[in-house]
1. Relative contact order for the chain: what percent, with Cα pairs under 8 Å and sequence separation of 6 or more?
2. Convert each backbone phi in segment 59-74 into a coupling constant with the Karplus relation 6.51 cos²θ - 1.76 cosθ + 1.60 (shift: θ = phi - 60°), then list the ³J(HN,Hα) values in order as whole Hz, x for Gly and Pro.
3. When DSSP beta bridges are limited to those with both residues in the chain, what percentage is antiparallel, rounded to the nearest 5?
4. Using a 10 Å cut-off on Cβ atoms, rank the peptides 239-245, 353-359, 169-175 from the highest mean neighbour count down.
5. I need the phi-derived Karplus couplings for segment 39-55: 6.51 cos²θ - 1.76 cosθ + 1.60, θ = phi - 60°, integer Hz, Gly and Pro marked x.
6. Check Ile75: other-chain or 5+ apart residues with amide H under 5 Å from its amide H, H built from backbone geometry?
7. Could you check which residue among Asp235, Asp55, Asp122 shows the biggest mean-square fluctuation in a GNM of the chain with a 10 Å Cα cutoff?
8. To the nearest µm²/s, what D does Stokes-Einstein give for segment 128-173 at 25 °C and 0.890 mPa s, using the Kirkwood radius over alpha carbon pairs as Rh?
Amino acid sequence: MMKWGREAQKRLQAIAEVSEPGPGVTRFPFTPEHSRARDMIAGWMTDAGMKVQLDTATTLIGRREGPKGAPTFLIGSHQDSVRSGGAYDGIMGIALGCLAVEKLAANHVDLPFAVEVLAFADEEGVRFPTALLGPRALAGTWDPAVLEMTDRADIRLADALDAAGGSSAALARLARAPGDVLGYLEAHIEQGPVLEVQDQAIGVVTGICGIERNTVTISGQTGHAGTVPMEMRADALVTAARLIADVEALARETEGVLATVGCIDCAPNVVNAIPSRCSLTIEIRSADDDARQSFSMRVIEVANKLAKDRSTPVALAKTYEQNASACDPRLVGKLHGAAKNLAPDAPLFPSGATHDASAMADLCPIAMLFVRCKGGISHSPDEYASAEDMGVAVEVMAGFLADL
């Protein structure tokens, strides 16, 4: 078991060096760092006995053939990072997938289906204001409009993709037939503290939370901080503060819902003037779309009441919505069963972060395996998963494939 974990650690430390200069790992899609990482991953795939190819979305694919005409099971994750991120987020799932296939080959285990390991180019959505192009192309759900989006250097996504070896003109031909795909498995660091608190190496994911994002604009009336009496003020920032506190309190008392105010701005934003305008974001996540939508309606009610009581009109606009993706019960059961010898108490719980699996759910049944990360830290140079825990994950993934 430790053999596979140590090899995973060795590979991840090596590929972490493929980064823009600076702290941690910065590896954006369709860049020279992307291409160099792709070459290293191709070596991992070759070591596992897989044939390697690059599709037109620049997803690197390693394939182990099965019986003629047999369907394919997919394993995948992403090779890109956030700016100054860690050495495990995304890329670990590719390394562990390759090692699971390599372990099966080393043990001379034949499968009644083909296996592909997928290294997707863009999950984080940091370089361009979109993400998940690779899995969405496979699922046939990608939006052609994203090809016109530009990065900070004003480079079109289509041009960056083509320059990196892809083909923006051929993306529509990537869609897989659902009947040809058995399912999709993604291994990922948890990015949270649950496994560490429970002292468990791995956990089995039950679903990926739905997400909605709202922008709230609160209008008040500015005035001199020293001349307008307190009872005569329409302070937009005070209304915002009360709304933020109410959202946090509602989320604490609502099971299965997470809510975050992560961005706030006010005007005129000077020390001696009453704020006349305040804008903020409210993000709501839940594995239950009904619960998320119900919570959103309660937030609107609270905001409207504050607007009336404090004479500060509130406008709320939904800017983004992504429905929850449930993991397939059969695959969850198989994954949990594969863990029973090495991690009999592995918990089952939903993912609060989105993953490539959320897009793959439009193509086939999905499953996810979480690996403990130190301190629950992610998107940071301090991100860390142990060789021992990754070794457990490789064993579980190989056992899962053998039992399908």
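Derivation of every value follows stated rules applied to the coordinates shown; laboratory data play no part. Bear in mind that the values here come from a model prediction, so they are computed numbers and not experimental data. Ideal geometry is used to build each Cβ from the backbone, glycine not excepted, and the neighbour counts take in all protein chains shown.
1. On the way: 914 pairs, mean separation 97.2, N = 404.
In percent, rounded to a whole number, it is 24.
2. Karplus-based 3J(HN,Hα) across segment 59-74 equals 7, 7, 10, x, 10, 9, 5, x, x, 4, x, 6, x, 10, 9, 10 Hz.
3. Restricted to the chain, the bridges split so that about 70 percent are antiparallel.
4. Answer by packing, highest mean first, reads 353-359, 239-245, 169-175.
5. Values, residue by residue: 5, 5, 5, 4, x, 4, 5, 5, 4, 8, x, 9, 7, 10, 8, 10, 8 Hz.
6. HN-HN under 5 Å from Ile75: Glu116, Val117, Leu118, Leu185.
7. Result: Asp235 has the largest fluctuation of those listed.
8. D = 228 µm²/s.
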